[in-house]
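The structure appears right after this line, and notes come after that.
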Amino acid sequence: MIDGQPGFADQLPGGVEGLFVKLAGPELLEAASSHFDFCVVDIEHSSLGEAEAFDLLRCARLLGFPALVRLTAPDPALINRALEAGATGVQLSNVRRKNDILSARAAMAFPPAGHRSASTAHAAARFGATALRDYVDEAPRAMLVAQIEDLDTDDPLEEILLAGVDVAFIGTSDLTVAARFDANAVAQRVEDVARAAHAARVTLGGFRLNHPASRYEISCSDVSLFTDALTSHARRV
């Protein structure tokens, strides 16, 4: 939560549960919208192209299903197109520097707060039916989720989180690899991130984190759900 503006993770006392979306078809996304609070369209770890990812974001917008997009870098053009397609926000991978957050925030905000380019030639502005000034003034503040996936960062962690982060997301898979599968080192880093998030008044989250302070949990992906269903069916047969 930044500047008193809560994201959807702060609106539910028990937190929210989401999934990564890695498959291009909208059917699983439509089904997931009935069982999860949000999704993250994953451009980092999937074969999704940009056009396919944006189609999923548009589908999620029409469903009223909050959808973020996971990116590996704060690319201003890509961020702007994702927001125009209907993304609720950006989940940025492997954040190590305060400047990563400042760059992403600047790309997500119209001037004078940032340098996001304005257009009404997209669905979010009703393809020009919404006046430019109304669209800019009424545009919701996009969420920014910072993935912390290593045992250290280049800048102090709390400074990074105070630069404009809504959710400090612990990437448990990459963190486990970075710690060379040392469970104690992983647990210590999780507590370090949790303390920094609390000090910065930022929501804590993670992938299957199961931490008592976590309120933004991603528990699976559409691929893993599909695989689990196939495995279960094969065992029954």
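The values are calculated or read from the model by the stated rules, or taken from the named source; none is laboratory data. Note that the coordinates shown come from a computational prediction; the quantities given were computed from them, not determined experimentally. Please note: Cβ atoms are built from the backbone with ideal geometry, for glycine as well, and neighbour counts cover all protein chains shown. Accessible surface is based on the protein model in full, side chains and every heavy atom, while ligands, DNA and RNA are left aside. Shrake-Rupley method; radii C 1.70, N 1.55, O 1.52, S 1.80 Å.
With 138, 149, 191, 158 as the choices, which residue is closer than 30 Å to residue 126 by Cα and free of Cβ contacts under 8 Å to residues at least 60 places away in the same chain? Step through it out loud before you land on a result.
Values: 149 fails: closer than 30 Å to residue 126 by Cα; 191 fails: closer than 30 Å to residue 126 by Cα; 158 fails: closer than 30 Å to residue 126 by Cα.
Step by step, each of 138, 149, 191, 158 is checked, and only 138 is closer than 30 Å to residue 126 by Cα and free of Cβ contacts under 8 Å to residues at least 60 places away in the same chain.
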Would you confirm whether or not region 78-101 contains a residue that is open to solvent by 20 Å² or more (accessible area, probe 1.4 Å), small (Gly, Ala, Ser) and within 17 Å of residue 45 (Cα to Cα)? no
When residue 130 is evaluated against the numbered criteria (1) open to solvent by less than 10 Å² (accessible area, probe 1.4 Å); (2) not in a helix (DSSP H, G or I), which criterion, by number, is the only one it fails? (1)
Output for Cβ contacts, cut-off 6 Å, separation at least six or different chains, first residue more than 16 Å from residue 140 (Cβ to Cβ) and at pLDDT 95 or above in region 98-118, second open to solvent by 30 Å² or more (accessible area, probe 1.4 Å) and not in a loop (DSSP other than H, G, I, E, B), reads 98/159
Just to be sure, is residue 209 surrounded by 14 or more Cβ atoms within 10 Å (Cβ to Cβ), in contact (Cβ under 8 Å) with a residue 40 or more places away in the chain and at negative phi? no
Please pick out the residue among 199, 121, 129, 168 that is under 18 Å from residue 96 (Cβ atoms) and either modelled with pLDDT under 95 or small (Gly, Ala, Ser) (or both). 168
If I go through region 134-148 residue by residue, how many of them are surrounded by 15 or more Cβ atoms within 10 Å (Cβ to Cβ), over 14 Å from the mean Cα position of the chain (by Cα) and of a type outside the set (A, V, I, L, M)? 1
